[in-house]
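The values are calculated or read from the model by the stated rules, or taken from the named source; none is laboratory data. Here the structure is a predicted model, which means the values were calculated and not measured. Glycine gets a Cβ as well: all are built from the backbone with ideal geometry, and neighbour counts include every protein chain shown.
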Amino acid sequence: MRTLSAISNHPCEQDNAMNTKAAATDASASETPLEKLSLDELKERLSCNEAGLTTAEVQTRLTKDGFNELSHEGETNVLLKFLSYFWGPIPWMIEIAAILSAVVQHWADFAIILTLLLVNAVVGFWEEFQAGNAIAALKSKLALMARVRRDGKWSQVPARELVPGDVIRIRLGDITPADARLLSGDPIDVDQSALTGESLPVSKKAGESVYSGSIIRQGEIDAMVYGTGSHTFFGRTASLVQTAHTTSHFQKAILKIGDFLIVVAVALVVVIFLAALFRGDALGETLQFALVLTVAAIPVAMPTVLSVTMAVGARLLARGQAIVSRLAAIEELAGMDVLCSDKTGTLTKNILKLGDPFLLDGVTIDQILKAAALASRAEDEDAIDKAVLEGAGEQATAGLGEVVHFQPFDPVHKRTEAEVRLADRTTMKVTKGAPQVILALATNAEAIRSQYESAIDAFASRGFRALGVAQTDAAGNWKVLGVLPLFDPPRDDSAATIAEAKKLGCKVKMVTGDQLAIGREIAGQLNIGTHLIDAKIFEDVSYHDSARIDQMIEEADGFAQVYPEHKYHIVDVLQQHGHIVGMTGDGVNDAPALKKADCGIAVSGATDAARAAADIVLLSPGLSVVIDAICEARKIFQRMNSYAIYRISETCRVLIFMTLSILVFNFYPVTAVMIVLLALLNDGAILTIAYDNVRLQQEPEKWNMRLVLGIATVLGLAGVVASFGLFYLAQEVYKLDRDIIQSLIYLKLSVAGHFTIFNTRTRGPFWSIAPAKALLLATLGTQVAATLIAGLGIFMAPIGWKLAGLVWLYALAEFLIVDRLKLIAYRIFDHEGEPVFIK
């Protein structure tokens, strides 16, 4: 795709410039670019009109032009992707170690190091490939849909099935599915920032073009498709869910642990290397050993463990109809302590029903229902329009007249309007919308204000949403007819979901555009709390430049009469006060707040633009799946916390023991090939921690690095003492040969090292939580392999089954002692006290 700076602000101008030469050299109309044709010429070229295409014509054009997609967009060469796993600091270290092994002709070492390199690459590539396929399959459910007129009627079809000549309807919040020419209608505002770099929406009127990927910010109009797939202006379709390359709080903590381990490992390896040089050891072998030790000590598997746990979490959430577009968002959910939830359709059913209307003097029910029905449009599938049309019924909507112009709802005007031609050829206008907006239209607003507002307040106190209705009289003046009450009852599961969120330490704040009284009524029914504040205070000058409004936001149970910019401000204030914030939304104007939030959630039925901005997209109504996501995220946190303690303790255990052995006893307790085997077996099995059983913590998770480092250090140092104990017994008591001692130490480090994960995975005794079968079987399998290698003497001196059995007993005794030390360490380092876990 061309860089945005290289093109004109207006794509049409750039396209014209690009085709000037072609147009000058070929005057044939058939060669004129579609972009340059007039609307009538375009219809002729495409053999179509405003009535749309037939199914047969669509099939013919699909065969000719193909689907409205780019089959190769975003695809990565599989071979190059695999080869990328051999490039980077960690692979370089392994590769240098392999080269040095070949130079000194240690072919066994060379073979195993090469195996480690290949296994790391294959495991990393396969897990990422699998995760990528799973996420791609889930995202396919978010495929862009288009409203299209075919066979004389409107229907919804996947955007990929659009063909040139199709007539589509685009409206507020839509992502334009193809290049199209606007037909007759009012101007619309289009956000082309993703395409042209223009910071503000531009106005487009009938006859002008809109481009694939642009967002409709205001208005509604029909358009004729002329470019699809690779034939669109930028040669690409809109991408609804993009991979976000941001780093979450959780990832930052994990990366800090990784950096800490690398620094410690490199520092101790340098000490070993210098000591070996001082003693005159062979440079090649010392360098090879130092490199291999570094590879074994640094957290090679950490990125893979992280990606596997995230992918597992994403697949589990998908079962609950939640599509994760940014894996890091799952991690943020673990620490989320405030969820700002939309009301309509999220906490409520979004199934509006009409109640008994309030009528002004001289107005009949039939009259107000007819006016409201005329100001509604069924094909837009708007919830309010549906409720009005269903409530009006066939009798009230019979003989309504012909709608000659329709102005759809938008967040600025907050009403719909229709111009109607009556049977006597006269015209009138009807409108419905926010009660205050409708009242402001009336010429006699002050005369009716008192009874009008009293009716609205009465409806609000009962949890009804008010809809003002008006029509013009013979003189063209607006006359308010009355108020239609709409009731959207809470979802059956909302109260339980809110209670569960509170149980998990996550406060839910209601955010609604409805009136304060309606918000309080619903919030009270759901036990959210009735301390709601009117978002109008955000614009009150008296509150500016003070901390008072921040305190009100912090303490509020919810917010009413909220505009999109208010949502952004609410999230910003809460984040500044140290909260990790989730925000739900469904409209195009919710996008800034969804992006600002630590976890943006597009609810069921959200617009394309809201889905594009969100981290998680819900396909089913309600918030229950968000609670499931919080629970899954906290389980992931527990697993990664266990892995972090395990990885730090193992680095200390191996490196400190190796360093002291070489410095004090001038003895290499394990060979380079043994270190590689340790890394190969242990890192391979530890991936199964992604499936381990854990207990759910009741409060939001946060990293306690003091606790993590403290526990890991105690476990690591205990392992060092135990290793020296075995070394003493082997050398001083049993007088074993040093090559046998090395094999013993290798088996002890391998078995005791994997026992460590069963220490770190629980805060209580190791038996307090049963391990997952996958973790248990993987650990058992790798340690059986390690025992066979040491017992039979593969790549090392054989120790036999008796010594191997004694090592297992020694490692088991160490494990039991270390588990008791762990409990003491938690009491010393955990000043906050043991967290409460949900059974």
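Descriptive notes on the structure:
- Only one entry in 602, 591, 606 is at pLDDT 85 or above and buried (at least 18 other Cβ atoms within 10 Å of the Cβ), namely 602.
- Pairs linking a residue in segment 762-773 that is touching a residue at least 40 places away in the same chain (Cβ under 8 Å) to a residue that is hydroxyl-bearing (Ser, Thr, Tyr) and not in a helix (DSSP H, G or I), with Cβ atoms under 9 Å and 6 or more positions apart or on different chains, are 769/762.
- For segment 658-692, a residue qualifies if it is surrounded by 17 or more Cβ atoms within 10 Å (Cβ to Cβ) and within 30 Å of residue 831 (Cα to Cα), and the qualifying residues are 686, 689, 690, 692.
- Within segment 148-162, residues that are under 15 Å from residue 228 (Cβ atoms) sit with their Cβ atoms under 9 Å from residues that are hydroxyl-bearing (Ser, Thr, Tyr) and part of a strand (DSSP E or B), at 6+ positions apart or across chains, in these pairs: 148/155.
- Exactly one residue out of 748, 735 is of a type in the set (D, E, K, R), over 33 Å from the mean Cα position of the chain (by Cα) and part of a loop (DSSP other than H, G, I, E, B), and it is 735.
- Residues in segment 48-63 that are surrounded by fewer than 12 Cβ atoms within 10 Å (Cβ to Cβ) and more than 17 Å from residue 223 (Cβ to Cβ): 55, 56, 63.
One line per residue, one yes/no per condition, for (1) of a type in the set (D, E, K, R); (2) surrounded by fewer than 22 Cβ atoms within 10 Å (Cβ to Cβ); (3) part of a loop (DSSP other than H, G, I, E, B); (4) out of contact with any Gly (no Cβ under 6 Å at 6 or more places or on another chain):
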site	(1), (2), (3), (4)
537	no, yes, no, yes
565	yes, yes, no, yes
569	no, yes, no, yes
573	no, yes, no, yes
578	no, yes, yes, yes
595	yes, yes, no, yes
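- In this structure, residue 797 does not qualify as under 19 Å from residue 688 (Cβ atoms), in contact (Cβ under 8 Å) with a residue 12 or more places away in the chain and surrounded by fewer than 18 Cβ atoms within 10 Å (Cβ to Cβ).
- Top-ranked residue of segment 765-789 - restricted to ones that are buried (at least 20 other Cβ atoms within 10 Å of the Cβ) and among the small types (Gly, Ala, Ser), ranked as nearest to the chain's Cα centre (by Cα): 778
- Across segment 310-335, the number of residues qualifying as in contact with a Leu (Cβ under 8 Å, 6 or more places away or on another chain) and of a type in the set (A, V, I, L, M, F, W, C) comes to 8.
- Strands (runs of 3 or more DSSP E) (entirely within segment 130-196) containing at least 3 residues that are hydrophobic (A, V, I, L, M, F, W, C), crowded, with 17+ Cβ neighbours inside 10 Å and at pLDDT 85 or above: 167-171
- All conditions but one from (1) over 16 Å from residue 485 (Cα atoms); (2) assigned to a helix (DSSP H, G or I); (3) in contact (Cβ under 8 Å) with a residue 12 or more places away in the chain apply to residue 389; the one that does not is (1).
- Hey, residue 724 in contact with a Pro (Cβ under 8 Å, 6 or more places away or on another chain), hydrophobic (A, V, I, L, M, F, W, C), at pLDDT 90 or above and assigned to a helix (DSSP H, G or I) or not: no
- Remark: residue 353 matches the filter, which requires a residue to be basic (Lys, Arg), under 30 Å from residue 556 (Cα atoms) and in contact with a helix residue (DSSP H, G or I) (Cβ under 8 Å, 6 or more places away or on another chain).
- Any hit, segment 465-478, residues being buried (at least 20 other Cβ atoms within 10 Å of the Cβ) and at pLDDT below 90: yes
- Residue count for segment 166-185, restricted to those that are within 24 Å of residue 60 (Cβ to Cβ) and among the hydrophobic types (A, V, I, L, M, F, W, C): 5
- Conditions (1) modelled with pLDDT under 85; (2) in contact with a strand residue (DSSP E or B) (Cβ under 9 Å, 6 or more places away or on another chain): number failed by residue 632: (2)
- Top-ranked residue of segment 479-507 - restricted to ones that are of a type outside the set (A, V, I, L, M, F, W, C) and in a loop (DSSP other than H, G, I, E, B), ranked as modelled with the highest pLDDT: 505
- Top-ranked residue of segment 32-47 - restricted to ones that are polar (S, T, N, Q) and farther than 18 Å from residue 206 by Cα, ranked as surrounded by the most Cβ atoms within 10 Å (Cβ to Cβ): 32
- Evaluation of residue 649 against the conditions (1) of a type in the set (Gly, Ala, Ser); (2) out of contact with any Leu (no Cβ under 7 Å at 6 or more places or on another chain); (3) closer than 30 Å to residue 750 by Cβ shows that the sole unmet condition is (2).
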